[in-house]
Amino acid sequence: MSQEMLSRQDQLLELLLNSRKGLSIEEIATRLEISRNAVKQHLTGLENSLLVKKDTLNNTGGRPSRNYVLTEKGINHFPKQYAWFCSLLLAELKDEMNDDLFRAFMRRIAEKLAKTLKPQFIGKSLAERAELLVEIMQSLGYHADLSSGPVNAEPAIEAFNCVYHDLAQQHPELCEFDRTLMMALLEQPIEQTGCMANNDCSCLFKIKLNAD
């Protein structure tokens, strides 16, 4: 897709963001100063990407027209600045706790999340649990993969994108969340030997094998 088309579609999405009741094809064409056919082409692409949808039908005395509005995915297409707020919250929590209590807090959050995910892991072998965990991490944006390493080495999970990299640099205790979640779901001890917050190339979590 050309940069011009991307730019025009971004303009269209921004128009709809500022018009939550929606806009008709005619209104979009007028505001963007392009033809109705061009608007239809852009809307078709955005509908296929699930960013916009047809909404209310306008009856203005003439031919009825359909308004288009953003979907939830379309609204979330626009950047959200959560990191600064999370940083404020974590800094405040850390001020209220010592380091050990703050790490314990991270472990409790991970354990609660693990309980909600645990049913998916019941009855699976360690290899199957590890594959499922990687799939879940991928869906969260970690770009994770299983890394078996040399022959007879312990298996490991390697993540090439830390989803809270900037926060982890300020609050390394966040890594406790990842380790605890992995331990709870894999039912094996986890040793972290690499961390991108410490300028390593990836976050590497070795699975310390117990009897499965």
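Shape descriptor for the stretch 16-87: Rg over Rh equals 1.09 (Cα atoms; Rh from the Kirkwood inverse mean 1/r). Multiplying the residue separation of SER139 and LYS115 by 0.36 nm and removing their Cα-Cα distance gives an extension gain of 6.8 nm.
On the beta carbon distance between SER49 and PHE160, with R0 = 25 Å, the FRET formula returns roughly 0.45.
Relative contact order for the chain using alpha-carbon pairs under 8 Å, separation at least 6, rounded to a whole percent? Once normalised by length, the contact order is 14 percent. The 1.4 Å probe gives accessible areas that order LYS112, LYS21, largest first, as LYS21, LYS112. Stretched out straight at 0.36 nm per residue, the stretch from SER147 to ARG20 would grow longer than its current Cα-Cα span by 41.1 nm. Put simply, the amide H of LEU23, placed in the peptide plane, has neighbours under 5 Å in TYR68, leaving out anything fewer than 5 places away on its chain.
Protection proxy ranking for 90-103, 194-207, 166-179, using the average of other Cβ atoms within 10 Å per residue and placing the highest first: 166-179, 194-207, 90-103. When the listed pairs LYS94/LYS124; LYS80/LYS208; LYS21/LYS80; LYS80/LYS124; LYS80/LYS206 are checked against a 27 Å cut-off, the alpha-carbon distance exceeds it for LYS94/LYS124; LYS80/LYS208; LYS80/LYS124; LYS80/LYS206.
Placing one equal scatterer on every Cα of the chain and applying the Debye formula, the log10 ratio I(q)/I(0) at q = 0.13, 0.17, 0.18 Å⁻¹ is -0.85, -1.07, -1.14.
For THR56 and SER35, what is the calculated FRET efficiency with R₀ set at 30 Å and r taken between the beta-carbons, to the nearest 0.05? The computed FRET efficiency comes out at 0.80.
In a simple Cβ point-charge model (Lys, Arg +1; Asp, Glu -1; nothing else charged), the chain has a dipole of about 1140 debye relative to its Cα centre. Rounded to the nearest 10 degrees, the angle from helix 83-96 to the longest Cα principal axis of the chain is 40 degrees.
The values are calculated or read from the model by the stated rules, or taken from the named source; none is laboratory data. All figures in this text were calculated on a predicted structure; none of them were measured in a lab. Glycine also receives a Cβ, built like all others from the backbone with ideal geometry; neighbour counts cover every protein chain displayed. When the accessible area is computed, the model is the full protein with side chains, heavy atoms only, and any ligands, DNA or RNA have been set aside. Shrake-Rupley method; radii C 1.70, N 1.55, O 1.52, S 1.80 Å.
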